[in-house]
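Notes for the one structure printed next.
The values are calculated or read from the model by the stated rules, or taken from the named source; none is laboratory data. Owing to the predicted nature of the structure, the values given are computational and were not obtained by experimental measurement. Note that we place each Cβ from the backbone using ideal geometry, even for glycine, and neighbour counts take in every protein chain shown. Calculation scope for accessible area: heavy atoms of the full protein, side chains included, ligands and nucleic acids excluded. Shrake-Rupley method; radii C 1.70, N 1.55, O 1.52, S 1.80 Å.
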Amino acid sequence: MPPHQHARRRTLALALLAGLTAAPAAFAETPHGLVETVVLDATDTPQGNVQLVVDAQYGDEQYDGARYDGAQYIAFQDEPAPLVDAPQAAPPEPVAIDEPAASATVDAASMAAPVVTSCNCCTTPCCTKAKKAAATAAMKSAYAGVFYANNFSYLNDPCYDGPSFFGDSLKGMMGGKLDIGGEARMRYHYENNHRGLGLTGVDDAFFLTRYRMFANLRINEYFRAYGEYLYADSGGETFNNRPIEENRGEIQNLFLDTKLTESLNLRLGRQELLFGDERLISPLDWANTRRSFQGVRGTYKGDAWTVDGFFVNPLNRNAANESKIDDANEDVDFYGVYASNSGTALGTVDAYYLGLNNQVLDFDYHTLGSRVAGASDAGVLYNVEGGVQFGSNSPGYGDHSAGFFTGGLGKQLSICTGCGEWKPTVWFWYDWASGGDDFPAARGDDSFDHLFPLAHKYLGLMDLFARRNINDVNFQFITPVLGDKVKLLVWYHHFFLDQATTPYGVTEAPFNAVAAAGDKELGQEIDLVLTCGINPRTNVQIGYSHFRAGDYYDTTAGVPTNADADFFWTQFQWRF
């Protein structure tokens, strides 16, 4: 790599870390005002900070999709908003297909073994009902959206008298220093008319399997080493698999955490990133493979706020050799500062700067954005995020000027019925991301670049469109069915283009390079997901989606088909 690139990397990394040391003076917290809410999955597992409601697996990282997370709202207690790796926030989670959720910062719970209190039995006077409930809640939220943020300290809580699970004996080994665990996930897909990216006219059916194993070693008070292995495979398909479906052996995470001060931590190595509601930065849990990066990250944490600075390179997926460990792509630099405060009068407030430099496609983008999520005293839920993006496009596309916005209002209803109280949750959403007016289009054109998101969590479970040149008016309805452990999600989307050029797939590749759009109307999608939480570590999901093609597909030359599409899937997930 040229010397000037090395110098630029060092300069940016030092600038980010220097900014962290000044964070306390620049990011003061304010008292709590409105009540923050947390989404629970079908097994009543909190899915993050202030978030929407939906189901498990799309909420419990079970449905990475995040807007629905079989959830009920509960007062946010003491963790900051999900900054993945920083606070934990989980917005509406589509159904738990991949659990988003808990984000994590390098916190004390991960760096040190839990301390046992003087209470040595759950029947002693000091174990109050509230303490037992808190210990049970900690058990349900032990697994986070990124496994390096898992917290099993509840196992050392003398007030915990809940169930035990397979794998509990692998936690707190070596005198409380070592945790070992993992996940097994299996999913079946039937895709009608959309195998590939977008409406393709191709049908296929196949199975996906994924296994993850992690080891978290708290070396001492100042150092922690974390490693995670991933194996993802597919079988039974007729056509070639997507790149996100197979990775037969990957070092997903491998890093060293160093505690520099009581508030400041430094992380070096390979690491997943998850910030806010995952609209721009996500480990992409719905994918059979997961996204990861390599680089440096610093976290400064206060009582109710966190500031993260990072400089990383994404891993370069080697689709030609699915058994090869991936290398970092040093031609793509991703860096930024992400701040989150969960102690404001509005709820959780995030502010961030994100930079993306792609030396292959020759574009350089800078994104400034913010997010507010919470609930009013009247029980109205809200989640708003937006940002502007500027910089330089690929050659031939000029300067870059783009933006995005998401706004949602929700409410958990309380309806008296002959069978008792019914508490469904409803959400109304609007998503917009700007499009450029250039055609033919390309990744480096003037449309908004969604960076490294979990599009599946917000823009339809069929993954037909990216957060780019898009409008999406959507509605969510989440309700318990046959008890609290079974949840139903109904999600309706109406998609139309921002500019009359072309829609983009989730990889941000233009869908149509032949002709500009004859009509902006893309179509409508309805998603149904039923999630059954067998226990806090195991769940099963069944989903069905239907897409009704709009006038764009009837009036635009070069589209593969104008037929409707269907998607059926079922998933089993187990963590240990």
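Provide the gained length on full extension for the span residue 482 to residue 428, in nm with one decimal, where the gain is 0.36 nm per separating residue minus the Cα-Cα distance. Could the numbers behind the result be given before it?
Values: separation 54, 0.36 × 54 = 19.44 nm, distance 2.50 nm.
Result for the pair: 16.9 nm of gain on full extension.
With a 1.4 Å probe and all protein chains left in place, how much accessible area per residue does segment 254-369 have, in Å²?
Values: 3470 Å² over 116 residues.
Ligands and nucleic acids excluded, the figure is 30 Å² per residue.
Where the only charges are on Cβ atoms (+1 Lys, Arg; -1 Asp, Glu), what is the dipole of segment 372-437 about its Cα centre, to the nearest 20 debye? Let's see the in-between values first.
Details: 2 positive and 6 negative charges, 51 e Å.
That gives segment 372-437 a dipole magnitude of about 240 debye.
Please name whichever of 226, 213, 196 sits farthest to the positive end of the charge dipole of segment 174-242, dipole taken about the Cα centre and charges placed at Cβ: Lys and Arg +1, Asp and Glu -1.
226
Using a cut-off of 19 Å between alpha-carbon atoms, which lysines can reach residue 485, once sequence neighbours fewer than 8 places away in the same chain are excluded?
140, 423
For residue 134 and residue 526, compute 0.36 nm times the residue count separating them, minus their Cα-Cα distance, and round to one decimal in nm. Mind showing how you got there, number by number?
Values: separation 392, 0.36 × 392 = 141.12 nm, distance 3.73 nm.
Fully extending the segment from residue 134 to residue 526 adds 137.4 nm.
Ordering 169, 545 from largest to smallest accessible area (1.4 angstrom probe), what's the sequence?
Numbers: 169 95, 545 0 Å².
Output order, biggest surface exposure first: 169, 545.
Any chance you could run the full-extension gain for residue 318 through residue 366? It's 0.36 nm times the residue separation minus the Cα-Cα distance, nm to one decimal. Walk me through the intermediate numbers first.
On the way: separation 48, 0.36 × 48 = 17.28 nm, distance 2.73 nm.
Length difference between fully extended and current span is 14.6 nm.
Keeping every protein chain in place, order 497, 368 by accessible area at 1.4 Å, biggest value first, i.e. largest first. Don't jump to the answer; show the numbers that get you there.
Values: 497 5, 368 85 Å².
Result, largest first: 368, 497.
Among 431, 446, what's the order by accessible area (1.4 angstrom probe), most exposed first? Don't skip to the end; give the middle numbers.
Numbers: 431 0, 446 35 Å².
So the residues, ranked largest to smallest area, are 446, 431.
Could you pull the accessible area for residue 155 with a 1.4 Å probe, rounded to 10 Å²?
Residue 155 has an accessible surface of roughly 60 Å² with all protein chains in place.
Using the Karplus curve 6.51 cos²θ - 1.76 cosθ + 1.60 with θ = phi - 60°, work out ³J(HN,Hα) for each residue of segment 469-476 in order, rounded to whole Hz, and write x for Gly and Pro.
With the stated coefficients, segment 469-476 comes to 6, 9, 10, 9, 9, 9, 9, 10 Hz.
Using amide H atoms built 1.01 Å from N in the peptide plane, name the residues 5+ places from residue 249, or on other chains, whose amide H lies under 5 Å from its own.
232
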